Every structure is written in C-alpha cells, then in structure tokens.
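Working notes for the structure below.
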Amino acid sequence: MSLNQASSMRKPAFIITIDTEGDNLWQNHQQILTENARFLPRFQSLCEKYGFKPVYLTNYEMATDAHYVEFARDVIARGQGEVGMHLHAWNSPPLSPLTEDDWRHKPYLIEFPRDQIRAKFEYMTRLLEDTFQAKMLSHRAGRWALDEYYVSLLLEFGYQVDCSVTPKVNWQSSPGDPQGKGGTDYRHFPSDAYFINPENIAKPGHSSLLEVPMSIQYKYPHWINRLKQAVNILRGKQKPDSVYWLRPSGGNAESMQNVAVKSLADGHDYVEFMLHSSEFMPGGSPTFKTEEDIEGLYKDLETLFKWLSERTVGMTLAEYYQTKVKQDV
C-alpha cells in the first residue's frame, strides 16, 4: 500500500446523498414532472472534479424517466456513483389511497397498513434493480420516516445502508395523514453511524443494517437551547431546537463547513451531505428559483467541495458500509 493510499484510508468519508425525485414537490400536488433529470450532469461533473461519488436515492417517477435512467446507468457503469432507493408512498405503486387526497397530504409510508407498505417496498426495489441491473444496497425513507417494521423490510430485502435518521430533529409536527401522528422523532437517536437494533431503531445493535445519520448540528450551544426551551414553555409554545444541516440553502457555504468541522470534532468518521435533485433546476424548488440562484448554489458547492476535498475522501454509502464491516472483522 502506498503512503497516499494509507493517508486516504485515514481520512473521513464524504458521502453525498441526493433525494432524486420530481420537480418542486413542495408545491406541485396534481402532476409530477421530471425535467430536473436534465440538470444532473452538471452536478455529477462537479463531483467527479473533486473525486466525489454521489448516491442518487431514486423514487418512482425518476426511475421511469428515460433521461434519468440513461444518466444513472452511465454513472454506475463508470463507477462514479451509486443508485439507491427513495420511496414516496403517495405515488409509488401499487396505489391504494390512504387519505382523501394523498398527493396533497403526502402521507408517510409508515402510516399505511403493513401489507401496503410491503407491496410498495417490494415493487420499488424490483423496479430499481430491474431498471439499473444492480442490487439496491442503500436507502432513504420518503419524508425521513422510519420505524421498526420498515427496518425489518430493509433487512429482509438485503439492503446494507439506511440514511433516514436526522438526529436532533423531530418530525412529529410535520403531518402526513391528517389523522396520523406525524413523522419520526429523532431527537434521541445517535448522530454517528451505527449498526441498527431491529427491535429499537434508536439503539445500536448487531444487525447487518448500517444506519448513517445525516450530518446535523445545533445552531446554538446546549445551554442556550435549554434556556430557549424554558422560555418557550413559559410562553406556552413548543418550538424545535434550531439546527444546521450539511445541506445548501443559498449562501450558506460557511455554515455547511462548520457542520462538517463539528461533526468531525465529535469523532465521526464521515460527513453526509444532502440535496434534492430538483434543487439543481431553476424553479425546481422554493429555495433556488432562478438561474442566478442556481449559480449561487454552484458557487457554494465549489467552495464546500474544494474545502472538503482536502480533508475527506469521497465514498458512496455502499463503499462506506464496506469500511465499517472491515472495522468489525
């Protein structure tokens, strides 16, 4: 082994995850378009410039888009990225409505009856594996919602990595089914990678499924968060702690670097970035509406990727999984 290879192995991983889905799903409730597939090659080129390998966590409409399929097959063939699974329950076959308007409410998969959860999960897994002629190893739940039954399916179907956990974030106040309880509360989940306990997914266990939580840090020190909570309780309000994600929001390259710095200082051997595929397209999201916004996004990405290229090594989720398995041997 060369000195350069040994040095790279000691570097933490930089994992890029892209929720690969239709255009502007925040606002589109009646029709799903996939024009954003045409904007992915520019991002892929930027990743390759810095030696990074994106994971395109792909949902139903993108898996049936010819432009995206051609693009993703090429990425896989060249070993420059990975395709994983991302499942939006409201439009993934087989369709069986849960609410009076699933496209508007966007119910969580975990809110559906178990037989429907399984049917949707199996359909999406087979669709992706048949389309890309590759075993699906990596996964992120739609709208970040995970539970023990969901994990049992990931294990049964041979997935190796999940990246649905968003530490410090509680999704219970984000409704899906209006009659439901909202999303998953991740405030007491680990923030570092762990092999998941199928009986209690908030705890490490001895399963073969590796959980790789998103890189998220508190905006304020612990004592300030506790003080703000106390004030909110006195006011009769409940507000979540403010957090920063390793995720572009426009002009936030410095805060993304700070998230990475804090995560690595906490002893994590990876940092995980995320964005939606539609955010690379002008008007594809509420955040990046114009071509000028997109150019600002790429300016931030250049700054972040250049900085991280000197401190990390790019890996897909499946590649990162292999490093963790070898550590346990």
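Which of the residues spanning region 125-137 are in a helix (DSSP H, G or I) and closer than 19 Å to Val75 by Cβ?
Those that are in a helix (DSSP H, G or I) and closer than 19 Å to Val75 by Cβ: Leu127, Leu128, Glu129, Asp130, Thr131, Phe132.
Taking into account only those residues within region 125-153 that are more than 19 Å from Leu209 (Cα to Cα) and among the aliphatic types (A, V, I, L, M), which is surrounded by the fewest Cβ atoms within 10 Å (Cβ to Cβ)?
Leu127
Quick one: is Met85 crowded, with 20+ Cβ neighbours inside 10 Å and outside any helix (DSSP H, G or I)?
Criteria met by Met85.
Every residue, every condition in (1) of a type in the set (Val, Ile, Thr); (2) closer than 27 Å to Glu319 by Cα; (3) at pLDDT below 95; (4) buried (at least 17 other Cβ atoms within 10 Å of the Cβ), yes or no:
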site: Met1; (1), (2), (3), (4): no, yes, yes, no
site: Ser8; (1), (2), (3), (4): no, yes, yes, no
site: Gln27; (1), (2), (3), (4): no, no, yes, no
site: Gln44; (1), (2), (3), (4): no, yes, no, yes
site: Lys49; (1), (2), (3), (4): no, yes, no, no
site: Pro54; (1), (2), (3), (4): no, yes, no, yes
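If you scan region 22-54, which residues turn out to be within 19 Å of Val75 (Cα to Cα), assigned to a loop (DSSP other than H, G, I, E, B) and under 18 Å from the mean Cα position of the chain (by Cα)? Steps first, please.
Keep residues of region 22-54 that are within 19 Å of Val75 (Cα to Cα), which gives 34-54.
With the extra rule that they be assigned to a loop (DSSP other than H, G, I, E, B), the set shrinks to 34, 50-53.
Of everything in region 22-54, those that are within 19 Å of Val75 (Cα to Cα), assigned to a loop (DSSP other than H, G, I, E, B) and under 18 Å from the mean Cα position of the chain (by Cα) turn out to be Phe52, Lys53.
So that you can scan it fast, the table gives a plain yes or no per residue for (1) closer than 30 Å to Val313 by Cα; (2) at pLDDT below 95; (3) in contact with a strand residue (DSSP E or B) (Cβ under 9 Å, 6 or more places away or on another chain); (4) not in a strand (DSSP E or B):
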position	(1), (2), (3), (4)
Asp192	yes, no, yes, yes
Pro213	yes, no, yes, yes
Tyr220	yes, yes, no, yes
Ala230	no, yes, no, yes
Arg247	yes, no, yes, yes
Gly251	yes, no, no, yes
Gly267	yes, no, no, yes
Glu272	yes, no, yes, no
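Given Trp103, Trp90, Trp26, which one is without any contact (Cβ under 8 Å) to a residue 40 or more places away in the chain and of a type in the set (Phe, Trp, Tyr)?
Working: Trp103 fails: without any contact (Cβ under 8 Å) to a residue 40 or more places away in the chain; Trp26 fails: without any contact (Cβ under 8 Å) to a residue 40 or more places away in the chain.
Sole residue among the options that is without any contact (Cβ under 8 Å) to a residue 40 or more places away in the chain and of a type in the set (Phe, Trp, Tyr): Trp90.
Among the numbered criteria (1) in contact with a helix residue (DSSP H, G or I) (Cβ under 9 Å, 6 or more places away or on another chain); (2) farther than 30 Å from Lys324 by Cα, which single criterion is violated by Ile15?
Unmet for Ile15, out of (1) in contact with a helix residue (DSSP H, G or I) (Cβ under 9 Å, 6 or more places away or on another chain); (2) farther than 30 Å from Lys324 by Cα: (2).
In region 93-110, how many are buried (at least 22 other Cβ atoms within 10 Å of the Cβ) and either in contact with an Asp or Glu (Cβ under 8 Å, 6 or more places away or on another chain) or of a type in the set (S, T, N, Q) (or both)? I'd like the intermediate steps shown before the answer.
Looking only at region 93-110, we keep the residues that are buried (at least 22 other Cβ atoms within 10 Å of the Cβ), and these are 107-110.
Applying the additional criterion that residues be either in contact with an Asp or Glu (Cβ under 8 Å, 6 or more places away or on another chain) or of a type in the set (S, T, N, Q) (or both) yields 107-108, 110.
Number of matching residues: 3.
Can you give me the number of residues within region 156-173 that are surrounded by fewer than 17 Cβ atoms within 10 Å (Cβ to Cβ) and at pLDDT 95 or above? Lay out the reasoning, then the answer.
Restricting attention to region 156-173, the residues satisfying the condition of being surrounded by fewer than 17 Cβ atoms within 10 Å (Cβ to Cβ) are 156, 158, 172-173.
Filter again for at pLDDT 95 or above, leaving 156, 158, 172.
The total comes to 3.
Applying the selection to region 181-190, what residues are part of a loop (DSSP other than H, G, I, E, B) and under 17 Å from Tyr150 (Cα atoms)?
The answer is Lys181, Gly182, Gly183, Thr184, Tyr186, Phe189.
Cβ-Cβ under 6 Å, sequence separation 6+ or interchain: first residue in region 121-148 and farther than 21 Å from Phe195 by Cβ, partner assigned to a strand (DSSP E or B) and modelled with pLDDT of 95 or more. Which pairs?
Between residues of region 121-148 that are farther than 21 Å from Phe195 by Cβ and residues that are assigned to a strand (DSSP E or B) and modelled with pLDDT of 95 or more, the close pairs are Met124/Met85; Met124/Leu87; Leu128/Met85; Phe132/Val83; Gly142/Leu87.
Mind checking whether some residue in region 98-109 is in a helix (DSSP H, G or I) and under 13 Å from Ser277 (Cα atoms)?
No, because not a single residue in region 98-109 is in a helix (DSSP H, G or I) and under 13 Å from Ser277 (Cα atoms).
Within region 275-315, take every residue that is farther than 27 Å from Glu61 by Cβ, touching a residue at least 24 places away in the same chain (Cβ under 8 Å) and assigned to a loop (DSSP other than H, G, I, E, B) and give me the one that is farthest from the chain's Cα centre (by Cα).
Only one residue fits best here, namely Arg311.
Can you name the residue in region 194-211 that is without any contact (Cβ under 8 Å) to a residue 40 or more places away in the chain and in a loop (DSSP other than H, G, I, E, B) and is also nearest to Tyr108 (Cα to Cα) among such residues?
Checking each candidate, the answer is Gly205.
The values are calculated or read from the model by the stated rules, or taken from the named source; none is laboratory data. Just so it is clear, the model here is predicted, and its values are computed rather than measured. Cβ sites come from the backbone with ideal geometry, for glycine too, and all protein chains shown count toward neighbours.
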